[in-house]
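The values are calculated or read from the model by the stated rules, or taken from the named source; none is laboratory data. Please read all numbers here as calculations on a predicted model, not as lab measurements. Cβ placement follows ideal geometry from the backbone for every residue including glycine, while neighbour counts extend to all protein chains displayed.
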Amino acid sequence: MIIVGITGIIGSGKTTVSRMLKNKELDVIDLDALAKHITAMDEVVEEIGKAFGKECIKDGKVNVATLRQRALQDRQSLQTLEDIIHPRVRRAMWNKIDELREKGKTLCVIDGPLIFETGLYKELDKTVVISTGQETIKERLKIRGMSEEDLLRIMDFQIPLKEKEEKADYVIYNNGAVEDLEKNIKELLELLKKWEGTVHAPE
Ligand code: ATP
């Protein structure tokens, strides 16, 4: 099986690209969705409460806004949160990959923002980076209601796009309209087929 990671930086368009690939019947595992699911688990809520304080828990659930503020305070706090969430996300991801393998699938896409930061890229066969200029991202995320302050703080903790582009097997530039992105997706699909073609039989 060929496992392809799709990444970028916050707001560069990973989710939009993944949605387009899902529409083409590709199997996409969304690591953000897995993280959200994991953050709702009782044992994880408890661990977060212990690490970040009771104020981060409301009615037995994680208060995401408060947790975000605490976790983004400094690198160590973010690391503490990541140590709780990431190993579980990775296990859930491999379980899903195994399920796909058992079904005889030969291509799987992983959509995740921190594929390079967490070292996950080393476990994947190929990586694709979605690259967008910072000003364009600011505009797009403003519409989504994210403050510039939060955005810059999150970007600060991520590896710069240029570095990710250099490491990637393929880069999609998403600075234009959605229609332009769709054209790029056609090319990406051809490349994915080519990569998939290097697998002769299900493992
Ligand atoms: P996050 O890291 O926050 O999950 P992301 O990389 O998954 O972000 P998206 O959610 O796909 O990024 O895109 C960010 C915002 O920009 C969304 O509101 C999306 O609809 C919009 N967007 C993405 N690509 C384009 C485009 N080519 N033209 C206009 N808007 C776009």
Checklist line | Which listed residue, of ILE85, ILE130, ILE115, is at pLDDT 95 or above, of a type in the set (A, V, I, L, M, F, W, C), surrounded by 13 or more Cβ atoms within 10 Å (Cβ to Cβ) and farther than 30 Å from CYS56 by Cα | finding: ILE130
Margin query: Testing GLU139 on (1) part of a helix (DSSP H, G or I); (2) within 14 Å of the ligand (Cβ to nearest atom); (3) surrounded by 13 or more Cβ atoms within 10 Å (Cβ to Cβ), one condition comes back false. Which one is that?
Written below: (3)
Margin query: Just checking: which of the helices (runs of 4 or more DSSP H) contained wholly in the stretch 1-76 hold 1 or more residues that are more than 20 Å from the chain's Cα centre (by Cα)?
Written below: 42-52, 64-71
Check: All but one of (1) free of Cβ contacts under 8 Å to residues at least 12 places away in the same chain; (2) of a type in the set (D, E, K, R); (3) closer than 25 Å to ARG101 by Cα hold for LYS24; which doesn't?
Finding: (1)
Check: So which residues in the stretch 142-166 are without any contact (Cβ under 8 Å) to a residue 24 or more places away in the chain and surrounded by 13 or more Cβ atoms within 10 Å (Cβ to Cβ), if there are any at all?
Finding: LYS142
Check: (1) of a type outside the set (Lys, Arg); (2) under 24 Å from ASP150 (Cβ atoms); (3) surrounded by fewer than 18 Cβ atoms within 10 Å (Cβ to Cβ): which one isn't true of TRP94, the others all being true?
Finding: (2)
Item checked: Given (1) in a helix (DSSP H, G or I); (2) closer than 21 Å to LEU21 by Cβ, number of the condition GLU149 does not satisfy -> (2)
Notebook entry, point to check: Name the residues in the stretch 114-136 that are within 13 Å of the ligand (Cβ to nearest atom) and closer than 25 Å to PRO87 by Cβ, would you?
Noted result: LEU114, ILE115, GLU117, VAL128, VAL129
Checklist line | Selection status of VAL45, out of contact with any helix residue (DSSP H, G or I) (no Cβ under 6 Å at 6 or more places or on another chain) and assigned by TED's automatic domain parsing to the domain that holds GLU190 | finding: no
Next item on the list: Report, by residue number, each residue of the stretch 157-188 that is assigned to a helix (DSSP H, G or I) and over 20 Å from TYR121 (Cα atoms).
Entry: VAL178, GLU179, ASP180, LEU181, GLU182, LYS183, ASN184, ILE185, LYS186, GLU187
Check: Could you list, in sequence order, the residues of the stretch 29-74 that are of a type in the set (Val, Ile, Thr), touching a Cys at 6+ places or on another chain (Cβ under 8 Å) and surrounded by 18 or more Cβ atoms within 10 Å (Cβ to Cβ)?
Finding: ILE29, ILE48, VAL62
Check: Applying the selection to the stretch 90-113, what residues are closer than 15 Å to LYS22 by Cβ and either away from the ligand (no atom under 16 Å from the Cβ) or in a helix (DSSP H, G or I) (or both)?
Finding: LYS96, LEU100, LYS105, LEU107, CYS108
Check: Picking from VAL4, VAL17, which residue would you name as being outside the structural domain of ASN95 (by TED's automatic domain parsing), surrounded by 20 or more Cβ atoms within 10 Å (Cβ to Cβ) and away from the ligand (no atom under 12 Å from the Cβ)?
Finding: VAL4
